[in-house]
Amino acid sequence: MSHYGLFLCLPPWAGKNWREAADLAMEPFRIDDETGRGECDYWHSSGGFWVRPECVDDPLIVPSSTEWPGDPLRCDGGPKRTLDLAGMRSAAVATGREVWAAWQDAVRRHPPALPFDRLRPRYSDPAAAWDAFQAQPLVREFDARHADEATCSTPCGPTPPRTWSRGSVTTRSASSIARAEWAVTTYAFISTDGRWFDAETTPGYRSLLRTYLDDLPDEAFLIALDCHS
């Protein structure tokens, strides 16, 4: 049993009754009770889209139901024209640049951090190896940063810093591109014509998702779902 995020892309008409439209779109992917085949047995809206300030009163916006309840500038979905996807990406890149500069400063002041995989064989207890990894000055400094930076803004990508070292840092431009793609992404998405794409089976998934969202008509309806399988 697990949860995963999904972007459901729907035609413009879906906004008037998005729950019914979502049920119809998700039905082909519902897990069959007898065969166990399928992608999801239940779902609910759960997203962190930014709302364009001039659109906060749009009646078609789906208010944020979980992470930011009551925040008019966050929502679970709505017509694409109401969602500030570009702003989400720009903010992620700006934060990434700040983290990149901090990282460059840190590697100048500290000795290189050994990757966790190189430390692990030295300890019989994995927890002790992890403690030793985190005790390194370079890793310790970045672990002290905000939790959101630690999980999604590191120079090495959107993963825990198990492999931080001088050699593991990407270029600034590559980091910016990756951050822009990760700012508006999720495990899977369903296109307006009912096709399924996911990060495990779709080559170039993040780039494909970004291009698809960019090409969606402004009136298309986009909703973020938390799915259970």
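The values are calculated or read from the model by the stated rules, or taken from the named source; none is laboratory data. Keep in mind the model is a prediction, meaning the values are calculated, not measured. Glycine gets a Cβ as well: all are built from the backbone with ideal geometry, and neighbour counts include every protein chain shown.
Computed values, structure above
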read-out: Meets criteria (in contact with a Pro (Cβ under 7 Å, 6 or more places away or on another chain), of a type in the set (V, I, T) and modelled with pLDDT under 50) for T192; value: no
read-out: So G15, is it of a type in the set (G, A, S) and more than 24 Å from the chain's Cα centre (by Cα); value: no
read-out: Given (1) farther than 25 Å from T211 by Cα; (2) among the hydroxyl-bearing types (S, T, Y); (3) surrounded by 16 or more Cβ atoms within 10 Å (Cβ to Cβ), index of the condition T35 fails; value: (3)
read-out: Residue in the range 39-55 that is farthest from A21 (Cα to Cα), counting only those that are in contact (Cβ under 8 Å) with a residue 60 or more places away in the chain and not in a strand (DSSP E or B); value: G48
read-out: Among (1) within 25 Å of G87 (Cβ to Cβ); (2) at pLDDT 90 or above; (3) not in a helix (DSSP H, G or I), the one test that P203 misses; value: (1)
read-out: One residue from A21, A92 being over 13 Å from L222 (Cβ atoms) and either in contact with a helix residue (DSSP H, G or I) (Cβ under 9 Å, 6 or more places away or on another chain) or of a type in the set (A, V, I, L, M, F, W, C) (or both); value: A92
read-out: The one condition in (1) over 19 Å from the mean Cα position of the chain (by Cα); (2) under 17 Å from H228 (Cβ atoms) that P111 fails to fulfil; value: (2)
read-out: In the range 56-88, the residues that are in a helix (DSSP H, G or I) and crowded, with 20+ Cβ neighbours inside 10 Å; value: T82
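Here's the yes/no breakdown for (1) outside the structural domain of F189 (by TED's automatic domain parsing); (2) modelled with pLDDT of 80 or more:
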residue	(1), (2)
L8	no, yes
A14	no, yes
M26	no, yes
R30	no, yes
V51	no, yes
E67	no, no
T82	no, yes
V99	yes, no
P111	yes, yes
